[in-house]
Amino acid sequence: MELKFKVPEISCEHCKNTIETILNNENNIISAFVDIEKKEVLINSDTEVSISAIGTLLDDHGYTVVE
């Protein structure tokens, strides 16, 4: 499954590394990639991933998920 969403707070390499680390440590996520310029996150997973669960996870670290 592929899921793409925007995170308006992405502005630098630190943001990219933080978000990728958070998401790649989740059991059902195969890979997460952050595009700094587009402020987008692309997730590949082997099961369905809830956008609201991702939103809650990133919100705990100061990032907002926008579908």
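Computed from the coordinates by the stated procedures, all read-outs in this text should not be read as laboratory data. Nothing here was measured: the structure is a model prediction, and the numbers come from that model. FYI the Cβ positions are ideal-geometry reconstructions off the backbone, even for glycines, and counts take in every protein chain you see.
Sort out which residues of segment 13-63 are of a type in the set (D, E, K, R) and either in a helix (DSSP H, G or I) or out of contact with any helix residue (DSSP H, G or I) (no Cβ under 8 Å at 6 or more places or on another chain) (or both), and write them in order of number. Scanning segment 13-63 gives Glu13, Lys16, Glu20, Asp35, Glu37, Lys38, Lys39, Glu40, Asp46, Glu48, Asp59, Asp60. Residues in segment 1-29 that are surrounded by fewer than 13 Cβ atoms within 10 Å (Cβ to Cβ) and more than 20 Å from Ser52 (Cβ to Cβ): Ser11, Cys12, Glu13, His14, Asn17, Thr21.
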